[in-house]
Each structure stands twice: as structure tokens, then as C-alpha cells.
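In what follows, a single structure is set out as C-alpha cells and then discussed.
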Amino acid sequence: MKQTAALRVTNLCKTFGKKKVLKNLNFEVSKGGIIGFLGPNGAGKSTTIKIIAGLVAPTSGTVEIEGKVMNGRSLAVFQKLGIMFEAPTFYNYLTARQNYMLLTRLQQNNVVDIDHILKIVGLSESADVKVGEFSQGMRQRLGFGQALLVQPEFLILDEPTNALDPMGRKEMKNLIQRLAQSEKMTIFISSHLLLEIEQICTHAVIIHEGKILAADAINDLKEHGIQTLEDYFLQLIEKENRC
């Protein structure tokens, strides 16, 4: 019996005015592992994620999570989904713990262990520090933890290393790998930093100008002579431009 995909996108299109941002996207994400959703800025990554999150309605097509079609009545499905957007925001005058307590009340979530989440993201010692005093890297980790508050089975991270210094990017990559191993969840990472993502992902979905160019396991790509994802991406772009 075929396993239900963690995420299935079928014939997904999105048009803003006369501009076609997403052009008939089709791809699947299997359960488990770390999947890179890769492409340059403006490729359509954030729009796709917003549609998956229910923040933007598709022009046409469907999104399924765990076999359930996402729509306005998909509360049970959303409870399996954790999302960290590119620039997470918090109340600067509240501490990390207070921000999480507020979010859990809004989510009517009385079972989450906030201290455990703070430990996972390495913020236990800063739990009672006001967020206004946090560095960019600490804010990113706080945003990561916010996505974990719903205890998701499927986690989406939108540009999680954006604006971080080299040490912050290394910490974030280590955190993603630890979480995938310890919590056994599916992690879907949107990024334009191909080299960094290649170091931690098991699969890649490559998007360019609103179209999916490839979707496969990274090891399978390398078996076909691909040295790096960046080289492969450039080959795909050249091929696309010739068509």
C-alpha cells in the first residue's frame, strides 16, 4: 500500500492581476527527511508556502497535507502543520517565555511544554529575557520554536537562515538536523542558498519563475552525474531558457 504523502501539490496556479506567479505546480513530499524547496528570489517559493499555510487562496489547483485537501475548514490538518516565515515577529517588551505563553493561549493549546521548546531551540537561559534584547540569530531560533508550539508532524521553514551571520547559519542548520532526527518530523525548507541546503537536505524541489524544474532525492540526482545542486540548477536554467 502506497504511503500517504506528507504534502502533495497538484496543478497549483496563482495569478496576481495579469502576472502568473505560479504555473501549474506539481510535486510531492514524502514523510520523513528534510526537503529543500529551492530557487532564486522571486521564483514563487513564498507564494507557494502562503498557499500551503492558507494565507493566500490559489487561483486553481489543490494542496493536500497527509491526504487531506487544505481549505477553510481544514482545522484538523492545520494542527499538524508548523510554519516559520522568513521574518518572524514578536512583542519586544515581552520575554521569550511570555511570547510563547501568549501564543499558546491564542491557539487554545494547554498541553505544550514551553520549557521543552525553549530547550530545543537553545533559548533556555534566555527564556526570561525581553525579546527586544535578542540578536537576529536568537530571534530566528525563537521563530523556529514558535512553529513547534503546535507539535507539528510537518514543519515548513521559509528562508530560516536569512540575514544570519555564518555562526547563526551553522546553529540553525544544526538545529534543523537535530530536530529531524529526534522528533522524526518532515521538514520542508524554502531557500535560495543552494549550497547550504545541500548540506542538510535529503530531497530537493527546484522552482524557477513559477515552474517546477526538478523534484528528486539529492542522492539520486548525484547518481546522474550532478556534482552540486548549484551546478544542477544552472544546467536546468540554461535548458529552460533554450526552450
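The values are calculated or read from the model by the stated rules, or taken from the named source; none is laboratory data. Everything numeric in this text was worked out from a predicted model, so none of it was measured. So basically every Cβ, Gly included, is an ideal-geometry build from the backbone, and we count neighbours across all protein chains shown.
One residue stands out among those in segment 69-107 that are under 15 Å from L149 (Cα atoms) and among the aromatic types (F, W, Y): the one that is modelled with the lowest pLDDT, which is F78. A single entry from M167, M172, M138 fulfils the requirement of being in contact with a Ser or Thr (Cβ under 8 Å, 6 or more places away or on another chain) and in the same structural domain as I65 (by TED's automatic domain parsing): M172.
Within segment 143-150, can one find any residue that is surrounded by fewer than 19 Cβ atoms within 10 Å (Cβ to Cβ) and of a type in the set (S, T, N, Q)? No, that holds for no residue. Inside segment 116-139, residues that are surrounded by fewer than 19 Cβ atoms within 10 Å (Cβ to Cβ), of a type in the set (S, T, N, Q) and either touching a strand residue (DSSP E or B) at 6+ places or on another chain (Cβ under 6 Å) or part of a helix (DSSP H, G or I) (or both) make up a count of 2.
Restricted to strands (runs of 3 or more DSSP E) entirely inside segment 8-115, those with at least 3 residues that are of a type in the set (K, R) and assigned by TED's automatic domain parsing to the domain that holds I207 are 19-29. Here E86, E64 are screened, and the one residue that is touching a strand residue (DSSP E or B) at 6+ places or on another chain (Cβ under 8 Å), closer than 23 Å to P160 by Cβ and touching a residue at least 40 places away in the same chain (Cβ under 8 Å) is E86.
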